[in-house]
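Asker: One structure coming up, written as structure tokens, with questions to follow.
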Amino acid sequence: MDLYIDTANLDEIKQAHDMGILDGVTTNPSLIAKEGVDYTKRITEICEIVKGPVSSEVISTDYEGMLKEGREAAKIASNIVVKLPCTIDGVKACKALSDEGTKTNLTLCFQPLQALMVAKAGAFLVSPFIGRLDDISQDGMDLIGQIRQIYDNYGYPTKILAASIRHPKHMVDCALAGADVATVPFNVIKQFMSHPLTDIGLEKFLADYKKQFG
Ligand code: E4P
């Protein structure tokens, strides 16, 4: 399973990269705005740190605009994945960019037919947003399961990128449901290696060693 970090913060990206488990990065306009930096410059900086897929989202909502922005973004680095919304114009832009050999990530996916359509259009990644569905009392994990089954039924190579992950349980459930990738905020990634019994056990081992060996 691939693990991406969901942030535009360079410090967090460097720390996750240094852990040796980072496969890629997702950003979105909100995350880059939060950093208060230039949009393209920040994407370029991220691509210098991480060699795996880096998703850069378009701002346009019309087909022509998305195509233009997507082509520009693809020039930034060879690992850019153009992030497009799951709309009719988005699916058209996905088809055109995919045909040109540019990888795409179809974002804001909230129902299985959006995932089916973008797979038909050649998307490299589809991003179902689990947390935002949970927020409105729907089970985000059901969507992961439905997309997994549809893609397996027909052999679509589009990767399921579980997004809007809020806590470690989301990650466990995504891994069990067969998501290909999860994109996770750094504060949640850090929790993946934590368990109180690990801390207690380590403390006891070190105390016993010290008592006997000084
Ligand atoms: C994914 O690409 C998005 O950036 C992200 O996962 C959205 O998460 P949120 O719902 O916590 O904002």
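Here, each number is a calculation from the coordinates, and none is a lab measurement. Just so we're clear, the structure is a prediction, and the values are computed from it rather than from any experiment. Glycine also receives a Cβ, built like all others from the backbone with ideal geometry; neighbour counts cover every protein chain displayed.
Asker: Across region 1-125, how many lysine pairs, 8 or more apart or on two chains, come within less than 15 Å at their alpha-carbon atoms?
Answerer: Lysine pairs, 8 or more places apart or on different chains, close enough: 18.
Asker: Please report 209, 4, 156 as a ranked list, fewest other C-beta atoms within 10 angstrom at the top and most at the bottom. Could the numbers behind the result be given before it?
Answerer: Working: 209 10, 4 26, 156 19.
Going from least to most buried by this count: 209, 156, 4.
Asker: Using just the helices of the chain, give the 222 nm mean residue ellipticity in deg cm²/dmol: DSSP H runs with n ≥ 4 each add -39,500 (n - 2.57), and the total is spread over all residues, rounded to 500. Intermediate results must be reported in sequence, preceding the final value.
Answerer: On the way: 11 runs with 113 residues, N = 214.
Mean residue ellipticity, 222 nm, calculated: -15500 deg cm²/dmol.
Asker: Please report, to two decimal places, log10 I(q)/I(0) for the chain at q = 0.09, 0.14, 0.19 Å⁻¹ as given by the Debye formula with identical point scatterers on the Cα atoms and no solvent.
Answerer: Calculated log10 I(q)/I(0) at the listed q: -0.38, -0.81, -1.41.
Asker: List the residues, sorted by chain then number, that are 5 or more residues from residue 159 or on another chain and whose placed amide H is less than 5 Å from its amide H.
Answerer: Under 5 Å from the amide H of residue 159 lie the amide H atoms of 125, 126, each far enough along the sequence or on another chain.
Asker: Now a separate question. I need the shape label for region 55-181. Rule: rounded when a/c is under 1.5, else prolate if a/b > b/c, else oblate, with a, b, c from the alpha carbon gyration tensor. Before the final figure, lay out the partial values.
Answerer: Values: a/c = 1.87, a/b = 1.68, b/c = 1.11.
Since a/c reaches 1.5 and a/b is larger than b/c, the shape of region 55-181 is classed as prolate.
Asker: While we're here: Starting from the Cα-Cα distance between residue 204 and residue 75, subtract it from 0.36 nm times their residue separation and give me the gain in nm to one decimal.
Answerer: Working: separation 129, 0.36 × 129 = 46.44 nm, distance 5.37 nm.
Length difference between fully extended and current span is 41.1 nm.
Asker: Next up: Taking amide hydrogens as modeled 1.01 Å from N in the peptide plane, which residues meet the under 5 Å criterion relative to residue 165, leaving out close sequence neighbours?
Answerer: Amide H to amide H, under 5 Å and 5 or more residues apart or across chains, residue 165 pairs with 131.
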